[in-house]
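The values are calculated or read from the model by the stated rules, or taken from the named source; none is laboratory data. All values reported here derive from a predicted model rather than from experimental measurement. Cβ: placed from backbone, ideal geometry, glycine included. Neighbour counts: every protein chain shown. Areas reflect the complete protein model, heavy atoms only, side chains present, ligands, DNA and RNA absent. Shrake-Rupley method; radii C 1.70, N 1.55, O 1.52, S 1.80 Å.
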Amino acid sequence: MNKKVLTSVLLGFLAVLLVVGLIYQFTPNVGSLFGSAQTGTPAIKVNGQTITVEELQALQRSNPVLSATTEGSLGDDLKTVTVESRIENALLKAASQDQDISRADVNTQVDQVRKSNNLTDNKTWVDRLAQIGFTDASYRQEVKSQLAVQKKQKAITDAARKASATELQQYYDLNKDQFQDEARIVGREIVVADQAKANALLAQLKSGSDFAALASNNSSEFKSRGGALGPVTNGKPAPVTQVTLPSEVGAAAFALTGGGLTDVIASGGKFYIVKVEQFIPAATKPFASVKTQVTDKVNQLLQTAAAEQWFDGLRKNAQVEYLVPAWKIQNPTVAVVAGQKIPYSDVLSGVVGNQQFAALLQQVPAEQAGSMVNQFLKPGITDQLIEQFAAPSIVASNKLALVGNRANLAQQLALYGSRDVTVNDQDVIKNYQANIATYSTKASATISEAVFTDKAKALAFRQSFDGKNFVSAASKAGGTVSERGSLTQGDAKLNPALGKAIFDTASLRPAGEGSVSDVIENGQNFSVAYVTDLVRASVKPLKEVESVIRPQLLAQKRSEAGQAYLKAQMKGIKVQNDLSAVLAAQDKRLAAAPKPAPGSTATPGAATPNSTAPATTTPATTPPANP
């Protein structure tokens, strides 16, 4: 299972229920608080602890992903995830038995969850428990065990060593984007409800009118302080961040890194003009001012590493005995990295935790989903795990002051490999030119077209139309009208020549609230268009979008450099990737397995207490001889 989940605190049954939103809790029942353990059909023993068929089935039922299918490779994988989660839960509980959990601790936990799930009625409480295979006593025992796991985990992490000064500085140097002040502006705004009024005010501002005076007399917001975006102290507005403005307005204002006026910007039914008096770029906070924050983060990474190492030891030494053949799983080694074995269950944990996987199950049949997972998800997850398992060796061989669990170290190594990456002006210009379409807006308009068979009538109509009721006027003049609706430049619904006359020329004649195009020859006919809501094609200037391009481009270049660094470092690590062989062996095993009899259940573990076979014992991390 995913070790990141472990180091977050819980990997037990209670944690699984948390994930799927199925936490069921009960009012205190002192008489049965710590009753006998849950009874059922023994399916697996882990270092002597029993896991029952009923526990496994309850876990499947509680999780829509784990219960998605029991057939084919996907069903086999989901059974492995189910069994592994219970094995790891058993290991955690066994390792936490030395922790003292009081009856009061359990009562408090049970009360909190019961109240939060509105299960105050005793009958509802007991019925809900039964649905997931618990009694009051067995559930409380489970709560006690999970509280012990939490307490044990805290003891492990509390004992982790503290960060050194070198490690703190290294983390700060590689993660400066976490310690930045946001960009801010000192500025003023005018907000009005009428676009024509906004356009007129903008014209006055461009002619030199005082912004604060116009804001005081016209703006619907902040007029009492001359439109100042922030509170005014000693005559100067306080700086504000971009989130204080509507998204469209903020984007335009913060693009003015040299100061100046925005155009009129429509947002939420209002029209904004912003004057940027000062642009204050984002800046990294000095190490001294964030040392406490950095220390907390690095110490947390050291704690996750301690928890991962502790659990690795538990998993390595576990002895698993399968009592019911239907619940025996195959968990071969999928890869070996510098002598460390990656179990297949780690790959499956990554699959189940992938958001694309849950969506895939809803869109395609299980058989097809299993094939797609094998082809696309598992190889990528395996490669990621290989990098993570290699990370500690790379850090050690390069004597880097990086800390954390395997996943943390792989992430920090990528940052280390990209630490010197920068973006210059030429990079920005090149990216802008390559993606100019992203910053371009096509011309658009609402268009009605009148078609005449006589050119003279078309010309006469164009000259006389006053903008009132185009359909009626064109029909009276002998034309046939088609209302084209809202179209963009190049739309197939529009005759290319007429489109050019509308969007590519300046010869439109004003008429009422719109304008009339030239007369365009259209085969044997002649067309005139009436155009409203015209928006000319435009391209955002580089200056306006540079503040967006630069950080995106930097992130892209850093990601590429970080991955290239990892790949280069991996060349010195001995890696054996056996995913293809593991998947082939699984297909062969499933093909040879007997098919369920017609009418029988295919649910793993649906056996009676008498349906047992000779028990098999397998070290938890050792692949079976015949997968």
Q.
Using only the Cα atoms of segment 207-314, what semi-axes does the equivalent ellipsoid have when each is the square root of 5 times a gyration tensor eigenvalue? Give whole Å, largest first.
A. 45, 17, 12
(Q) For Rg and Dmax of the Cα atoms in Å, one of (i) 26.3, 97; (ii) 27.5, 99; (iii) 34.2, 102 was computed from the structure I shared and the rest are decoys. Which label? (A) (iii)
Q: Find how much the distance from GLU71 to ASP491 grows on full extension, using 0.36 nm per residue of separation minus their present alpha carbon separation; answer in nm with one decimal.
A: 146.2 nm
Q. If you bin the C-alpha pair distances of segment 376-471 every 5 Å from 0, what whole percents do you get?
A. 2, 9, 11, 8, 7, 6, 8, 8, 5, 4, 4, 3, 4, 6, 6, 5, 3, 0
(Q) How large are Rg and Dmax for segment 321-445 when calculated on the C-alpha trace, in angstrom? (A) 21.8, 73
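Please work out how much length the chain gains when fully extended from PHE376 to ASN122, using 0.36 nm per residue of separation minus the C-alpha to C-alpha distance, in nm with one decimal. Write down the numbers at each step before the final one.
On the way: separation 254, 0.36 × 254 = 91.44 nm, distance 4.77 nm.
Once the chain is fully extended between PHE376 and ASN122, it gains 86.7 nm.
Is the C-alpha gyration tensor of segment 66-143 telling us rounded, prolate or oblate? Criteria: a/c under 1.5 is rounded; beyond that, a/b larger than b/c is prolate, otherwise oblate. Before the final figure, lay out each step's value.
Details: a/c = 3.13, a/b = 1.41, b/c = 2.22.
Taking the square roots of the gyration eigenvalues as a ≥ b ≥ c, segment 66-143 is oblate.
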(Q) For GLU54, what accessible surface area do you get with a 1.4 Å probe? Give it in Å², rounded to 10. (A) 60 Å²
Q. Straight-line reach from LYS341: which lysines have Cα under 17 Å away, leaving out those fewer than 8 places along the same chain?
A. LYS3, LYS316, LYS378, LYS574
Q: Note down the relative contact order for the chain as a percent, whole number, built from C-alpha pairs under 8 angstrom at least six residues apart.
A: 17 percent
Q | Theoretical ellipticity at 222 nm over the chain - DSSP helices of four or more residues, -39500 (n - 2.57) apiece, nearest 500 | A | -15000 deg cm²/dmol
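Would you mind working out the accessible area per residue for segment 486-582, using a 1.4 Å probe, and quoting it in Å²? Could the numbers behind the result be given before it?
Numbers: 5680 Å² over 97 residues.
Heavy-atom accessible area per residue stands at 59 Å².
Roughly how large, in nm² to one decimal, is the mean projection of the convex hull of the alpha-carbon atoms in segment 369-420? Don't skip to the end; give the middle numbers.
Numbers: hull surface 17.1 nm².
Hull-based average projected area comes out at 4.3 nm².
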Q) Along the three principal axes, how long is segment 322-368 when you take its alpha carbons, biggest first, rounded to the nearest angstrom? A) 38, 33, 16
Q. How many percent of the accessible area of segment 454-539 is carbon or sulfur, using a 1.4 Å probe?
A. 48 percent
Q. Taking +1 at the Cβ of each Lys and Arg and -1 at the Cβ of each Asp and Glu, which of GLN278, ASN234, ALA94 sits farthest along the dipole of the chain towards its positive end, judged by Cα position relative to the Cα centre?
A. ASN234
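Quick check: from the Cα gyration tensor, does segment 249-382 come out rounded (a/c under 1.5), prolate or oblate?
oblate
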Q | Per-residue ³J(HN,Hα) for segment 365-373, Karplus 6.51 cos²θ - 1.76 cosθ + 1.60, θ = phi - 60°, Hz, x for Gly and Pro | A | x, 4, 4, 5, 4, x, 5, 5, 4
Q: Taking just the C-alpha trace of segment 154-268, give me its Rg and Dmax in Å.
A: 21.6, 70
Q.
Let me see the P(r) profile for segment 161-215: every Cα-Cα distance counted, bins of 10 Å, each bin given as a percent of all pairs.
A. 18, 27, 13, 12, 15, 14, 3
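For segment 123-176, compute the orientation-averaged projected area of the C-alpha convex hull (one quarter of its surface), in nm².
On the way: hull surface 26.8 nm².
That works out to 6.7 nm².
Per residue, what accessible area does segment 105-244 have, given a 1.4 Å probe and all protein chains present, in Å²?
Numbers: 7170 Å² over 140 residues.
Heavy-atom SASA per residue in segment 105-244 reads 51 Å².
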Q) With every protein chain present, what accessible area does GLU544 have (1.4 Å probe, heavy atoms only), rounded to the nearest 10 Å²? A) 70 Å²
Q) Over the Cα atoms of segment 494-583, how large are the radius of gyration and the largest Cα-Cα distance (Dmax), in Å? A) 28.4, 77
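When the dipole is taken about the Cα centre of segment 211-337, and only Lys, Arg (+1) and Asp, Glu (-1) are charged at their Cβ, what size is it in debye, to the nearest 20? Let's see the in-between values first.
Working: 11 positive and 8 negative charges, 48 e Å.
With Lys and Arg at +1 and Asp and Glu at -1, about 240 debye.
Carbon and sulfur: what percent of segment 283-401's accessible surface (1.4 Å probe)?
On the way: 2710 of 5430 Å².
Carbon and sulfur together cover 50 percent of it.
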Q.
Probe of 1.4 angstrom, ligands and nucleic acids ignored: what's the accessible area per residue over segment 333-484, in square angstrom?
A. 50 Å²
Q.
If I stretch the segment between SER397 and LYS151 completely, what's the gain in nm (0.36 nm per residue apart, minus their alpha carbon distance), one decimal?
A. 85.1 nm
**Q.** Set of aspartates and glutamates with alpha-carbon distance to LYS152 below 18 Å, sequence-local pairs under 8 removed
**A.** GLU88, ASP98, ASP100, ASP105, GLU142, GLU308, ASP312
(Q) Rounded, prolate or oblate, given the Cα gyration tensor of segment 308-391, with a/c below 1.5 counting as rounded? (A) oblate
Q: Would you list, by chain and number, the aspartates and glutamates whose Cα falls below 17 Å from the Cα of LYS595, excluding same-chain residues fewer than 8 positions away?
A: GLU71, ASP76, GLU367, ASP587
Q | Cα-centred dipole magnitude for segment 333-481, charges only on beta-carbon of K, R (+1) and D, E (-1), debye, nearest 20 | A | 460 debye
Q: Would you mind pulling out the separation of the Cα centroids of segment 292-341 and segment 417-443, in Å?
A: 42 Å
Q) What part of the accessible area of segment 132-269, given as a whole %, is carbon or sulfur when the probe is 1.4 angstrom? A) 49 percent
Q.
Skipping prolines and chain starts, which residues have an amide H placed within reach, meaning under 5 Å, of the one on ASN522, given they are 5 or more residues away or on another chain?
A. SER527
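Given N residues in segment 417-468, what is Rg(Cα) / (2.2 N^0.38 Å)? Intermediate results must be reported in sequence, preceding the final value.
Working: Rg = 25.0 Å, N = 52, 2.2 N^0.38 = 9.9 Å.
That ratio works out to 2.53.
Taking all protein chains together and a probe of 1.4 Å, list LYS152, LYS540 from the most accessible to the least accessible.
Details: LYS152 35, LYS540 100 Å².
Largest accessible area first, the residues go LYS540, LYS152.
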Q: Would you rank THR262, THR295 by solvent-accessible area, highest first, keeping every protein chain in place and using a 1.4 Å probe?
A: THR295, THR262
